[in-house]
Structures are given as C-alpha cells and as structure tokens.
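Below is one structure, written out as structure tokens, with a few remarks after it.
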Amino acid sequence: MDYSEAYCLLGSKPNYKTDHNTWLEHRDDGAIAVRLYDTDIITFYQDGSIKLNTGGWWTNYTKKRMISFLDNYNIKGGSCEWIIYRTDENIGYRFYNGIIIDPNGKILGKPIVAERLEQLINRPIETIENTIEVLKNLTIQTAKKLWRECHYERVIIAYYAPLEFLPLVLPNTNRKEAWYEAARSRFTNPS
C-alpha cells in the first residue's frame, strides 16, 4: 500500500477500519497513518515516503499488521530485534522505530551485512557499493564467519564473496534457499 491507495480507502472520512483494532486515519500534516490500537505503526506521507514504528510493541501481531500494509517488504525476527528487507533484494536492514522507506522504495539505513562487515574488518562502510567491494575482497575465513552470522543476507554474500568460498557452502544446502541459484550459477559461470 502507498499514500494514494490509503487515500482511496479513507477518502474524506476521518478514519476507516481495515481490520480488528486497525484503522487508517488522516493526520494534521496531510499524512495517513495506520493505527493499531493507540499506535501509528505506519505513516504514509504525500511525497511517497513511509515511516514505521512499533510504539514499543515488538509483537508478532504488530509485525503482521505492518507486513499486511507493505507491498514488497518483509519483516523478520522477534523480541526487539527485527530485520526489514525488500522481497526483491534480500538485503536486510536493522529495524528501528522511525525507520523510513523513501519515495523510491529504498530503506534508509545501513544493511546488516555492512554492519557486521564493519565489525569484522574494523573500518566504516558507507554504501551498498562499498559493501559489495569489501565482499569481493574477503578472506575465506571472514566469509565463513559472515555466512554464519548474516542469514538473511546470504544472497548478497553468495553473489559477491570470493569464488573460492562458494564450494564450501554449495554442497551443504537443500537447494531451496534463495541464495543457492545465484551462487550456483556464479560458480559455474564466473564473470
């Protein structure tokens, strides 16, 4: 859902019930909020950006409600440690209250794989492009450690980690995981 879809449902009414304890409501700044009980869990802005907020309620119910309004995004995790990612990118971002999805659909924040890489190589990584460059130059030992600790980012690791790393993980899969095809094709057809 985006601002225009929310506006179509809500119209000029002050609120619109979408589900049990869940309402769309106009805000004074022109935004439209998804209110769950007394918390604005999602705010759709006229410029196309979206703000997410748990209000301190890090529950499966809150997470399910958010996911139901967010096309092409998913949220995983539990007890105050959530990861949000676009379903077409498989790059996870640490969820925090107030996290913004910009009008182009980009999650504003640092990918978790970049956070973990910063700890492993002891230097800051500013962009996803920097992350990819670091991934290409990892040692096998660092790639193994990253693989174990960043489950949701395995697609990007499999796609950019050194080719010598891939034979270590390819035989140990059930071939149903999302990263497998990218890794297998990259290993058999290196560019």
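Things worth noting here:
- Charge dipole of the chain about the Cα centre (unit charges at C-beta), most positive-ward option of Leu135, Tyr85, Ser185: Ser185
- Segment Tyr96..Asn137, full-extension length gain: 11.8 nm, with 0.36 nm per residue of separation and the alpha-carbon distance subtracted.
- For region 3-101, pairs of C-alpha atoms spaced more than 18 angstrom apart make up 43 percent of the total.
- Think of each Lys and Arg Cβ as +1 and each Asp and Glu Cβ as -1; about the Cα centre, that makes the dipole of the chain roughly 740 debye.
- Between helix 140-149 and the chain: long-axis angle, C-alpha atoms, 0 to 90°, nearest 10: 30
- The count of lysine pairs in the chain that are at least 8 places apart or cross chains, and whose C-alpha atoms lie under 24 Å apart, stands at 28.
- Loop GluC sites (Glu not before Pro), region 68-154 (other Cβ atoms within 10 Å of the site Cβ: 15 or fewer; DSSP): Glu126
- Local electrostatic count, Arg116, Cβ distance below 9 Å [Lys/Arg +1, Asp/Glu -1]: -3
- Cα gyration tensor, region 85-174 - rounded (a/c under 1.5), prolate or oblate: prolate
- For the chain, the longest site-free run once trypsin sites (Lys or Arg not before Pro) in DSSP loop states with at most 14 other Cβ atoms within 10 Å are removed: 28-105
- Cα-centre dipole for region 30-142 with unit charges at Cβ (Lys and Arg positive, Asp and Glu negative), debye to 20: 320
- Theoretical FRET efficiency, 1/(1+(r/R0)^6), r = Cβ-Cβ of Trp58 and Lys17, R0 35 Å, to 0.05: 0.90
- Farthest positive-ward along the chain dipole, Cα basis, beta-carbon charges - from Val113, Leu70, Trp147: Trp147
- Considered as an equivalent ellipsoid built on the Cα gyration tensor, region 1-43 has semi-axes of 14, 11, 9 Å, the largest given first.
- Cα-based convex hull volume of the chain per residue, rounded to whole Å³: 139
No lab work stands behind these numbers, since they all come straight from the coordinates. What you are looking at is a predicted structure, and each value in this text was computed from that prediction instead of being measured. When we count neighbours, we look across all protein chains shown, and the Cβ atoms used for this are built from the backbone with ideal geometry, even at glycine.
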